[in-house]
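Student: Have a look at this one.
The values are calculated or read from the model by the stated rules, or taken from the named source; none is laboratory data. Note that this is a predicted model, so its numbers are computed, not measured. Heads up, the Cβs are rebuilt from the backbone with ideal geometry, glycines too, and the neighbour counts pull from every protein chain shown.
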Amino acid sequence: MSLKPADQFRLIELSERYADEKLSAAEVTALEAELRDNAESRAFFAKALHQRAELCFDDSWHSALATAPAPAAARPVWWRHAITAAAAACITFGLFWLQSTRDGTVATLVRAQQCQWAGSSLPTVEGARLKPGVLDLIEGLAVLRFDSGAELVLEAPATVEVLDGMNCKLRRGTLVAEVPPQAKGFSIDTKDAKVIDWGTKFGLSAGEDGKYLVQVMEGLVEVDDKSGAASKKLEKGQRVDHGWSQKQMHPSAGDDADAEPSRWQPSIVMDAGDGWQAVTTAFGHGKDSYIMSSDKAPHDFGTHPFFRVKRSKDTKPDLNRKGYIAFDLSKFRGRAIEDAELVLTIEPSELGFASFVPDSTFAVYGVLDESTDPWEENGLTWQQAPAHDPTQPDRHLPVASKVKLLGKFEIAQGINRGTRKLRGQALAEFLSADTNQIATLIICRETSETQESGLVHAFATKENGTRSAPMLRVKLR
């Protein structure tokens with residue numbers, strides 16, 4: 001059954017308005033649905049685009065325009081370039097639809113860095129073409145490019161549902177979106193909001209509980225809260241935080257208890273075999289916490305299931321964080337420590353964007369002044385902490401004269417699980433020199449974020465219900 005003349009005229013008008021970038025987001029969505037579901041509309045629309053493109057690129061028409069006796073002001077040079085650009089847009093859009101409607105694919109997985117996947121319904125091989133479906137990323141960074149030109153960087157853990165060439169849904173996690181002019185109107189749904197992009201770059205975090213955060217780096221986005229509140233338009237530097245940061249800044253140690261059995265944090269000295277013994281911060285007078293360079297920072301960090309570490313840009317000095325851990329060495333009193341190893345478990349912090357932090361180097365320091373070892377987990381602040389000067393320029397580091405560098409380790413961009421170990425003579429000597437049976441260590445990130453709102457790294461503490469607390473393994477003579 002052929003299209004009615006009224007429908008043909010309507011599609012011609014839509015093709016012209018699309019080329020002139022005058023379609024609203026709702027019109028683009030409706031057009032996509034029609035072209036996807038109606039083969040005759042699809043064929044006619046493609047023909048209309050092709051005809052316009054041929055007209056735009058007709059050399060004889062260009063020549064006639066150039067020689068016609070009309071005022072110069074009526075034919076500015078840029079106008080001819082605009083025609084060419086419009087033609088290119090027509091061809092791009094036509095190719096996009098011909099590609100996606102031929103095999104049902106709407107996007108490409110263009111990059112998969114350090115990726116591990118869970119229950120995805122779509123192929124996860126780098127370079128794979130994607131139909132509508134679900135991607136569930138549990139480790140690493142993945143770049144998803146839609147045929148419309150919109151590009152998403154998924155930061156694990158994240159679950160995204162591809163809907164079509166101009167729409168997707170972030171079920172949980174974090175992504176950074178970059179939308180070129182030809183993909184204006186690209187939208188991302190969350191449980192409680194819809195974000196419509198008008199050609200920009202922005203970050204989005206969302207949870208299955210409805211909490212979300214939208215932060216604009218460039219351009220303009222529109223945020224429609226599904227509660228019925230008026231939509232908000234955000235420009236560069238602006239954000240809407242619907243409970244997301246509050247949830248991350250005040251986590252509960254039992255948040256993951258429903259997902260996994262609670263992990264037993266050993267409060268004893270364990271025999272690790274081959275002459276090695278191990279203790280965690282859960283043993284004796286052990287403790288773990290962190291400090292943040294803000295007067296407004298809470299004082300309950302010692303109750304968190306992780307400690308956070310960050311080096312922020314100089315323009316955001318109040319966002320630096322350092323981790324503090326202490327081990328009870330009383331069971332090793334009078335014994336020489338021949339070798340030692342520190343084991344830290346990486347925790348997904350879901351605060352900040354991993355895309356803005358490259359592969360990172362961390363330094364571990366031992367506090368030399370033993371009189372500061374009795375610090376309290378929930379009394380530790382930026383103003384009062386061992387080997388720390390709140391006024392020093394290098395806010396992310398301890399006071400050099402009050403600590404000993406014990407070693408460094410690295411975490412690649414996008415990694416949010418696993419363990420990192422630090423072993424060496426410097427650590428063993430520091431522990432052997434202890435006289436009060438408490439050893440305080442400071443963990444700092446040397447690598448700065450490349451853009452504001454970069455990721456805050458996190459490591460499990462003894463309050464964590466699912467991951468191992470900081471552990472110290474020692475080999476005694």
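Student: Could you list all residues from region 392-432 that are closer than 20 Å to E338 by Cβ and hydrophobic (A, V, I, L, M, F, W, C)?
Tutor: Those that are closer than 20 Å to E338 by Cβ and hydrophobic (A, V, I, L, M, F, W, C): L406, L422, A426, L427, A428, F430, L431.
Student: How many residues does region 1-20 contain that are without any contact (Cβ under 8 Å) to a residue 40 or more places away in the chain and surrounded by 11 or more Cβ atoms within 10 Å (Cβ to Cβ)?
Tutor: Number satisfying all stated conditions: 10.
Student: Based on this model, can you work out whether E370 counts as surrounded by fewer than 22 Cβ atoms within 10 Å (Cβ to Cβ), over 28 Å from the mean Cα position of the chain (by Cα) and assigned by TED's automatic domain parsing to the domain that holds N416?
Tutor: It is true that E370 is surrounded by fewer than 22 Cβ atoms within 10 Å (Cβ to Cβ), over 28 Å from the mean Cα position of the chain (by Cα) and assigned by TED's automatic domain parsing to the domain that holds N416.
Student: Find the residue count for region 266-316, including only residues that are out of contact with any helix residue (DSSP H, G or I) (no Cβ under 9 Å at 6 or more places or on another chain), buried (at least 20 other Cβ atoms within 10 Å of the Cβ) and not in a loop (DSSP other than H, G, I, E, B).
Tutor: Count: 5.
Student: Still on this structure, I have one more. Within region 183-202, identify whether any single residue is more than 16 Å from V223 (Cα to Cα) and in a helix (DSSP H, G or I), and answer yes or no. I'd like the intermediate steps shown before the answer.
Tutor: Let us first name the residues in region 183-202 that are more than 16 Å from V223 (Cα to Cα), namely 183.
Filter again for in a helix (DSSP H, G or I), leaving 183.
Yes, region 183-202 contains at least one residue that is more than 16 Å from V223 (Cα to Cα) and in a helix (DSSP H, G or I).
Student: Output the residues belonging to region 196-212 that are of a type outside the set (S, T, N, Q) and either exposed (fewer than 15 other Cβ atoms within 10 Å of the Cβ) or closer than 25 Å to Q182 by Cα (or both). If you could, list the steps in order and put the result at the bottom.
Tutor: Start the filter on region 196-212 by keeping residues that are of a type outside the set (S, T, N, Q), which leaves 196-199, 201-204, 206-212.
Within region 196-212, I196, D197, W198, G199, K201, F202, G203, L204, E208, D209 meet the criteria.
Student: Next question, about the same structure. Answer yes if at least one residue in region 95-114 is within 20 Å of S24 (Cα to Cα), among the charged types (D, E, K, R) and either under 22 Å from the mean Cα position of the chain (by Cα) or modelled with pLDDT of 90 or more (or both), and no otherwise.
Tutor: no
Student: Of E377, E347, which residue is in contact with a Gly (Cβ under 7 Å, 6 or more places away or on another chain), surrounded by 21 or more Cβ atoms within 10 Å (Cβ to Cβ) and not hydrophobic (A, V, I, L, M, F, W, C)?
Tutor: E377
Student: Starting from region 406-417, keep only residues that are at positive phi, then list their pairs with residues that are assigned to a strand (DSSP E or B) and aliphatic (A, V, I, L, M) whose Cβ atoms are within a distance under 6 Å, requiring at least 6 positions of separation or different chains.
Tutor: G407/V364; G407/L422; G414/L141
Student: Let me ask another. Hey, can you tell me all the residues within region 337-363 that are farther than 23 Å from A426 by Cβ, among the hydrophobic types (A, V, I, L, M, F, W, C) and part of a strand (DSSP E or B)?
Tutor: F353, the sole residue that qualifies.
Student: Right, here's the next one. Residues that are surrounded by fewer than 17 Cβ atoms within 10 Å (Cβ to Cβ): find the strands (runs of 3 or more DSSP E) completely inside region 386-477 holding 1 or more of those.
Tutor: Counting at least 1 such residues, we get 403-411, 419-423, 471-476.
Student: Is it true that N436 is modelled with pLDDT under 95 and polar (S, T, N, Q)?
Tutor: In short, no.
Student: Mind telling me which of the residues R239, R311 ends up being of a type outside the set (A, V, I, L, M), under 24 Å from A460 (Cα atoms), within 21 Å of the chain's Cα centre (by Cα) and modelled with pLDDT of 90 or more?
Tutor: Every option except R311 fails the conditions.
Student: Cβ contacts < 7 Å: first residue closer than 15 Å to R477 by Cα, restricted to region 420-441; second residue assigned to a loop (DSSP other than H, G, I, E, B), any location; separation 6+ or different chain. Result?
Tutor: L431/L329; S432/A336
Student: Kindly list, by first and then second residue, each pair from a residue in region 311-337 that is touching a residue at least 24 places away in the same chain (Cβ under 8 Å) and over 30 Å from G275 (Cβ atoms) to a residue that is among the basic types (K, R) and assigned to a strand (DSSP E or B), limited to pairs with Cβ atoms under 8 Å and residues at least 6 apart or on different chains.
Tutor: Listed pairs, sorted by first residue: R311/R445; L319/K310; N320/K310; R321/R308; R321/K310.
Student: Just to be sure I understand, how many residues within region 204-234 are under 28 Å from E21 (Cα atoms), touching an Asp or Glu at 6+ places or on another chain (Cβ under 9 Å) and in contact (Cβ under 8 Å) with a residue 12 or more places away in the chain?
Tutor: Number of matching residues: 13.
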